[in-house]
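The values are calculated or read from the model by the stated rules, or taken from the named source; none is laboratory data. What you see is a predicted model, and the numbers here were worked out from it, not measured in a lab. Cβ coordinates were reconstructed from backbone atoms using ideal geometry, including for glycine residues, and neighbour counts include every protein chain displayed. Protein only, heavy atoms only, side chains kept; ligands, DNA and RNA dropped before computing areas. Shrake-Rupley method; radii C 1.70, N 1.55, O 1.52, S 1.80 Å.
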Amino acid sequence: MADLGWRLLGGAAALFAVLVSLWLWSSWENMRREQEERTQLTATLLAVNADTTFLRIRDDLQQLGDVLQSVGAPHNPVGMAAALENFKAHHPGLGGASVILPDGQIALTTARPKGGELPNVMVSPGYADYRQDFALALVTQGLSIGRPQYGLLLRQWFIPLRYPVRTAGGDVQFVVQTSLLLEHQQSLWRGLSLKRDVAMGLLRDDGWLISRYPDAGGAGWVYRTRVTGALMQELARGGATGSGVYTGLTVDGQQRDGAWARLQNFPVVAFLSYPRSAIVAMWWRQVRLPFFLLAGTLVLLLALYKGFMRHFVRRMVRIRKQMEFVRAEELHSSGVAEIDALLRKLVRSREQMRRFARNREKTLLKAAQAGTYTRMAHNGVLVAVDSSFARMLHRPARKLIGREWDELFTTAAAENAGDVSAMAMDSGRRLVWTRGSNGGTVWLSLAEHAEMTPQGQKVLHGLAIDVSERENLLRAVERQSHRLQTLWELAAGASEDPTHSDAADPIARMLAQGRDALGLQAAIICLRLDEQCHMLYVQDVHNRFRQGQTLSANHPLCACDDHSDGSLWIADTNRYPGLAGIAGVGSVIRLPLTQAHQTLGCLLLLGDAPQRDGFDPADCQYAELLAAWFARVLYDRNQRDSLLSQAYTDGLTGLLNRRAAQLRMDEALQAMRRGGSSFSVALCDLDHFKLVNDECGHSAGDAVLRQMATTLRQGAPRGGWVARWGGEEFLIMLPGMNTAAAAAAMDVLRSRVGQRPFLVSERSLHVTLSIGIGTLQGPQDEIVRVLTEADDSLYEAKRQGRNRVIAMR
């Protein structure tokens with residue numbers, strides 16, 4: 001017992017060590033995961049801040065370019081100087097502004113030294129680092145973010161931001177450049193209350209650092225070479241992913257863990273990272289006190305147990321010497337009541353074992369429900385059986401004698417026919433089964449030995465033990481466990497990835513699995529729509545039913561209104577006249593799909609053959625689990641579809657809302673860039689709609705908007721769609737139409753609206769439309785420009801007197 005105690009203690013100590021290791025690993029994983037989440041959130045905030053800054057500068061440079069074009073740049077130095085000085089005065093945080101011609105010659109700059117000649121950035125040696133980024137700016141649509149440079153005019157590090165101003169023909173007329181001073185850009189980062197050794201910055205997709213704080217050594221050397229560390233590798237693996245985490249060596253040569261997030265409108269990512277050593281130090285400060293307490297407790301317990309065990313061993317040695325010579329009542333006490341009781345039982349059991357040993361064979365047969373038999377070795381014919389063997393098979397002994405063994409029994413777990421023959425001749429079949437007279441399966445465990453009769457024939461004497469209860473239970477548990485495991489795996493897979501394609505729909509896979517597990521031939525999920533039963537999912541081995549098929553509400557498979565809970569269990573359809581006429585259907589299970597007090601449909605399980613003994617309770621329970629799982633998945637899908645519909649639909653008119661329209665237009669633009677057709681959009685505004693609200697009330701205005709939505713939806717061209725853009729404005733998508741075709745189609749729609757009376761509170765109102773057209777000009781065009789063109793055209797239609805269609809282009 002002392003050895004057992006030490007082994008148990010060693011096992012407990014090992015278990016303790018494993019648990020402590022698991023706790024340390026879990027705490028490390030939790031802290032690392034929380035650190036990743038915080039870092040990724042901060043990186044996202046940095047990306048949003050940088051994106052907002054660059055967008056504001058882009059808009060300001062675009063406005064400056066328009067002003068310069070209006071004063072005749074680059075041929076009007078006086079007007080250009082006034083515009084640049086005005087820009088500089090309104091943007092003290094930027095490093096002034098410059099106008100650069102396409103050949104690289106600086107035409108004018110607010111940073112010009114007095115009396116100095118302006119350089120050419122494509123020729124002057126001091127501007128060698130400018131040339132690649134300047135050439136990139138000439139072919140970029142919109143704002144171009146250059147890599148940091150040390151300005152010869154500004155005398156400090158800055159981020160060059162260039163915006164090409166183009167002629168009507170698309171050629172670059174000149175480039176407007178401003179400079180975002182690194183000192184100013186990083187001032188916000190310095191004010192953040194972040195941990196020590198944090199590194200943050202901006203990185204272009206091509207590997208050039210835009211900004212890094214701190215700059216890993218000063219003097220700006222980090223801006224002169226491309227980044228090739230862990231962050232670039234993670235960006236290459238992530239593709240177009242919007243954010244992520246990374247770990248590895250960074251530009252400063254440290255092992256760091258960090259996160260990154262892409263800017264929405266520019267090819268730049270924001271990143272934030274911490275040294276791995278700092279994260280490990282944070283984790284150790286968190287766990288060291290509990291760890292030392294646990295280790296000290298373990299050492300103390302080991303010392304106490306060692307002292308107790310020495311005392312206990314000495315006492316047990318004395319008691320062991322007495323057990324061979326005294327009775328149970330005369331044993332000395334060990335000091336532990338439970339151990340004393342156990343020792344007394346051991347002494348008493350010694351005498352009982354001596355008594356039982358005299359007749360152990362008889363006791364074994366009686367306790368194990370066993371019987372004996374004798375059969376011929378060469379042909380397996382039974383020549384003798386006792387009454388116990390006959391009772392196990394539920395047959396009279398006279399009907400068993402003379403029968404061949406293979407005619408009565410089937411061998412379990414035999415690998416091949418040769419194995420069966422060998423077992424019959426030598427040690428016999430170890431585990432066999434047969435059907436009893438009551439239809440149940442009888443399992444027997446066998447032990448045989450061979451003997452030669454005086455006539456020289458070889459016979460096998462066998463002992464058979466009835467193990468039916470154990471084997472039937474094991475197989476039932478195995479079958480049900482397999483079913484439940486499959487159900488759990490599919491349910492877990494559906495919750496992790498709810499966006500499966502139809503080919504990998506978990507409902508269809510589970511429907512087929514449930515059909516096969518129950519041994520049936522068809523499994524169908526039906527939805528009750530109006531007066532018909534719609535088959536949403538079908539798994540039929542005979543292809544008698546198909547997906548999308550509908551049955552009438554009074555069809556025998558659907559008409560079960562006489563059952564209060566909607567369930568139907570019919571083991572034999574021949575007993576039901578209505579179901580007997582359905583060819584090939586012998587049994588039917590129908591279960592309602594109910595979730596959140598709402599019945600979504602029903603689950604139909606059909607078998608070819610009748611179930612003569614009724615449905616197995618385990619099969620019934622499995623079918624109900626299937627129905628509950630299907631109901632849950634269908635309910636979740638309906639909830640998700642309902643939420644999506646509410647998020648993208650205007651509540652008053654039932655049209656797409658502004659957010660949905662923007663998404664649809666972005667999809668159309670991407671399709672056009674992949675080789676699809678161009679499109680136009682029309683912005684429609686109700687003329688004098690405010691008078692309708694003022695004179696008739698807002699309820700009348702809502703009625704006019706609903707009727708107008710119906711009219712526009714009916715008048716939209718094929719493939720087009722209508723959205724409520726805001727207030728009394730509507731947007732119409734015109735796919736495949738150029739400006740002229742779009743204007744003609746919208747003029748027809750405008751005339752139809754003007755001729756239609758709008759009925760409001762028993763009054764007839766006449767409402768007219770002003771419509772502006774915008775057309776996508778090519779793959780490089782943007783939705784913002786198309787909408788601006790349509791909005792300008794709509795404004796012109798209003799200015800010219802309303803009730804007209806205007807296309808500015």
Exercise. Which order do peptides 605-618, 523-536 fall in by mean Cβ count within 10 Å, highest first?
Worked result: 523-536, 605-618
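Quantify, in whole percent, the carbon and sulfur part of the accessible surface of the range 145-188 (1.4 Å probe; protein heavy atoms only). Mind showing how you got there, number by number?
Values: 830 of 1680 Å².
In the range 145-188, the share of accessible area belonging to carbon and sulfur is 50 percent.
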Seminar exercise, completed: Expressed in angstrom and ordered largest first, the alpha-carbon extents of the range 81-206 along the principal axes are 50, 34, 30
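Pull out a ≥ b ≥ c, the square roots of the eigenvalues of the alpha-carbon gyration tensor of the range 189-274, then state rounded if a/c is under 1.5, prolate if not and a/b is larger than b/c, and oblate in the remaining case. Display every interim value, and only then the final one.
Numbers: a/c = 1.38, a/b = 1.28, b/c = 1.08.
Here the range 189-274 falls in the rounded category.
Report, as a whole number in µm² per second, the diffusion coefficient that Stokes-Einstein gives for the range 506-642 at 20 °C and 1.002 mPa s using the Kirkwood radius over alpha carbon pairs.
143
Tell me the per residue accessible area of the chain using a 1.4 Å probe; a whole number in Å² is fine. Present the calculation step by step, with values, prior to reporting the outcome.
Details: 43850 Å² over 809 residues.
Roughly 54 Å² per residue, with all protein chains present.
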Exercise. So, with a 1.4 angstrom probe, what is the percent of accessible area on the range 435-488 that is carbon and sulfur?
Worked result: 57
Problem set entry | Options Val588, His184, Gln255, ranked by Cα towards positive dipole end of the chain, top entry (Cβ charges) | Gln255
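According to the square roots a ≥ b ≥ c of the eigenvalues of the Cα gyration tensor, what is the shape class of the range 586-700, taking rounded for a/c under 1.5, prolate for a/b larger than b/c otherwise, and oblate for the remainder? Let's see the in-between values first.
Numbers: a/c = 4.60, a/b = 2.26, b/c = 2.03.
Because a/c hits 1.5 or more and a/b exceeds b/c, the range 586-700 counts as prolate.
Using DSSP, restrict attention to beta bridges with both residues in the chain and report what percent are antiparallel, rounded to the nearest 5. Provide the component values of the computation, followed by the final result.
Numbers: 125 of 129 bridges.
Beta bridges within the chain, antiparallel portion: roughly 95 percent.
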Exercise. Which of Thr42, Leu24, Ile57 sits farthest toward the positive end of the charge dipole of the range 11-74, with +1 on the Cβ of Lys and Arg and -1 on the Cβ of Asp and Glu?
Worked result: Leu24
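Given the alpha-carbon gyration tensor of the range 624-664, what are the semi-axes of its equivalent ellipsoid in whole angstrom, ordered largest first, with each equal to the square root of 5 times an eigenvalue?
31, 9, 5
Order of 389-400, 467-478 by packing, highest average Cβ count within 10 Å first?
Values: 389-400: 16.2, 467-478: 12.9.
So the order, starting with the most tightly packed, is 389-400, 467-478.
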For this session: Report the chymotrypsin sites (Phe, Trp or Tyr not before Pro) located in the range 141-203 that are in a DSSP loop and have at most 16 other Cβ atoms inside 10 Å of their Cβ, or state none.
Result: none
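Report the equivalent ellipsoid semi-axes for the range 638-696 in whole Å, largest first, defined as the square roots of five times the eigenvalues of the gyration tensor built from alpha carbon atoms. Could you put the intermediate results ahead of the total?
Values: eigenvalues 169, 91, 7 Å².
Taking √(5λ) for each eigenvalue gives 29, 21, 6 Å, largest first.
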For this session: Pull out a ≥ b ≥ c, the square roots of the eigenvalues of the alpha-carbon gyration tensor of the range 1-136, then state rounded if a/c is under 1.5, prolate if not and a/b is larger than b/c, and oblate in the remaining case.
Result: prolate
Exercise. Bin by bin, in steps of 5 Å, what percent of the Cα pairs in the range 18-74 do you find, going until the bin that has the longest distance?
Worked result: 4, 16, 10, 11, 8, 8, 8, 6, 7, 5, 5, 4, 3, 2, 2, 1
Exercise. How long, wide and thick is the chain, going by the Cα atoms along their three principal axes, in whole angstroms, largest first?
Worked result: 133, 82, 55
Exercise. In degrees between 0 and 90, to the nearest 10, how far off the longest principal axis of the chain does helix 77-90 point, with axes built from Cα atoms?
Worked result: 50
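Suppose every K and R has +1 on its Cβ and every D and E has -1 on its Cβ; what is the size of the dipole of the chain about the Cα centre, in Debye to the nearest 20? Intermediate results must be reported in sequence, preceding the final value.
Working: 90 positive and 81 negative charges, 617 e Å.
In debye, rounded to 20, the chain gives about 2960.
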Seminar exercise, completed: Carbon/sulfur accessible area of the range 1-99, % of total, 1.4 Å probe, equals 62
Problem set entry | Ranked packing of 515-521, 304-310, most packed first, by mean Cβ within 10 Å | 515-521, 304-310
Problem set entry | Per residue, the convex hull volume that the Cα atoms of the range 70-144 enclose (Å³) | 122
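Using R₀ = 45 Å, calculate the FRET efficiency as 1/(1 + (r/R₀)^6) where r is the Cβ-Cβ separation of Asp613 and Asp641; round to 0.05.
Numbers: r = 43 Å, r/R0 = 0.96.
Once rounded, the FRET efficiency stands at 0.55.
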For this session: Of the options Ala797, Ala742, Ala508, report the single residue whose Cα projects farthest towards the positive end of the charge dipole of the chain (beta-carbon charges: Lys, Arg +1; Asp, Glu -1).
Result: Ala508
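Sum -39500 (n - 2.57) across every DSSP H segment of at least 4 residues in the chain, then divide by the residue count to get the 222 nm mean residue ellipticity, nearest 500.
Numbers: 21 runs with 357 residues, N = 809.
Roughly -15000 deg cm²/dmol at 222 nm, from the helical runs in the chain.
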